[in-house]
Amino acid sequence: AELTADKTEDATFRMYSELGTAGYVDMASMMYGSLPAGYYGVSDFDSYNLSGTTVKETILVGKTACFRCPIGCGRVVQIDQGKYATGRFAGPELEVTGTMGTLILNNDAEALSFANKQLDLFGIDTISGGNTIALAYYLISEEKITKKDLDGINPKWGEVDSAVKLIEKIAHREGIGNLMAEGSFAFAEKFGVGELAVQVNGLETPMHDPRGFSGMAIAYATSPRGACHMSCDMYNWQMGVTDEGLDVESVDRFDNEAVIAAKVQDFRCVTNSALTCHFYPIKADELAEMMRLVTGWDFTLEELVKAGERIFTLQRLINLKLGYDNKNEGLPELLLKPLDGPTERHVPDIEAQLDTWYKYRKWSRKTGKPSKSKIAALGLSDLS
Ligand code: SF4
């Protein structure tokens, strides 16, 4: 209890508790430019209607929490009237607020909630599914495809009805939905424009644009499973989260902070293994203390840091055995276009970040393989 007593005063804790993860929408959109809009090409979209604050004042009727979580970031909304009636249902969190909101230039929270419900009911991932649908909007607007390619559906920026129809097609793998169910790269490639799909290593990017937080570039490029914000949440750290025990303190969100990203990746391997939520502001030394209390082991901060590095390195060794090719580490071209607004036309230098990251990890930049000495130091020689 002593270890957690002061957490309720933490600003992030309070924001997620009061407003859900969509409480971050205003900041992400207007202050940092990290919430992508118009399929990664628009920097001045007004997302106010979608923010956790607005949702709280309009359609919110309750909140939910994972077992015994004191934050309770889950939202419950209720919409009983109109074409987007959801009844009482789980409300939109940040990621779907991006994919079914800003990414298709929709600023109607009720329409967003309805699309969110459809995705949830069909069990479609809101990031991958939402991104793939948003790509359809983009490809139509760029005249790379026609409505005939989408079985007569003609998505227009700002409207959600086309997205809802595409969700159903994907869920039933019907017509174009059969292809879109394979994800954005497969979908775009079929029309000869695979490079326009915003994904890394086959996984669609979450709603944390690397032009707003440079560290998300190396996070997406080197994640063990493609563009993933759960393996490395650099947006949090480049907004000011620090950890003395990890020696992590961001200086500037536009800097090459690939060393910090590597440390965060390792730390997230531990918190993800310990099932500690990213939204809970726990420090590395506190987690080590909790491990000691729960297991009775003499578990130090240094061992925790090493365990994280061991897990991350093991993931790479497994991926290499499965055919991982580090030549695919990079960013899709739409994320390398400068935008006006809060990102100040910043574009991360991913090659420089990769150089820094590989050097810090003592892995081969050429092959992507951890060095023999590093593998041995982590006790993984038998597995390499
Ligand atoms: S554990 Fe995390 S995801 Fe679950 S309710 Fe708490 S803050 Fe939200």
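The table below lists the values:
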read-out	value
Area of E182 that stays accessible when all protein chains are in place (1.4 Å probe, Å², to 10)	110
Per-residue SASA entry for E309, accessible area with 1.4 Å probe, Å² rounded to 10	40
Calculated over the chain: convex hull of Cα atoms, volume per residue (Å³)	140
FRET E, pair R14, L380, Förster distance 35 Å, beta-carbon r, rounded to 0.05	0.30
Accessible area, probe 1.4 Å, largest first, for residues K190, K366	K366, K190
Derived scalar couplings ³J(HN,Hα) [the stretch 319-326; Karplus, 6.51 cos²θ - 1.76 cosθ + 1.60; whole Hz; x for Gly, Pro]	4, 4, 5, 8, x, 4, 10, 6
Table column - 3J(HN,Hα) (Hz), the stretch 188-198, Karplus curve with 6.51, -1.76, 1.60, x for Gly and Pro	5, 5, 4, 9, x, 10, x, 5, 7, 6, 8
More than 24 angstrom apart: percent of Cα pairs within the stretch 5-197	39
Estimated inter-spin distance, K156 and L320, nm [label 7 Å along Cα→Cβ]	5.4
Cβ-Cβ FRET estimate between A85 and R173, R0 fixed at 25 Å, reported to 0.05	0.40
Listed residues F45, F185, F279, most fluctuating in the chain (Gaussian network, C-alpha, under 10 Å)	F279
Distant-in-sequence amide H partners of V248 (H built 1.01 Å from N, under 5 Å)	D243
Phi-based couplings in Hz for the stretch 207-215 (Karplus 6.51, -1.76, 1.60; Gly and Pro marked x)	8, 9, 5, x, 6, x, 9, 3, x
Accessible surface ranking that places the most exposed of F267, F67 first, with a 1.4 angstrom probe	F67, F267
Under 18 Å from the Cα of K321 - aspartates and glutamates, other chains or at least 8 residues apart	E329, D382
Cα→Cβ-extended label distance, 7 Å offset, between K366 and K337, nm	3.7
R0 of 22 Å, Cβ-Cβ distance D247-A274: FRET efficiency to nearest 0.05	0.60
Built amide H within the under 5 Å cut-off of L203, gap 5+	A227
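The values are calculated or read from the model by the stated rules, or taken from the named source; none is laboratory data. A quick note: this is a predicted structure, and the numbers were derived from the prediction, not measured. Here Cβ is always computed from backbone atoms with ideal geometry, including for glycine, and neighbour counts include all displayed protein chains. Ligands, DNA and RNA are excluded from the accessible area calculation, which covers all protein heavy atoms including side chains. Shrake-Rupley method; radii C 1.70, N 1.55, O 1.52, S 1.80 Å.
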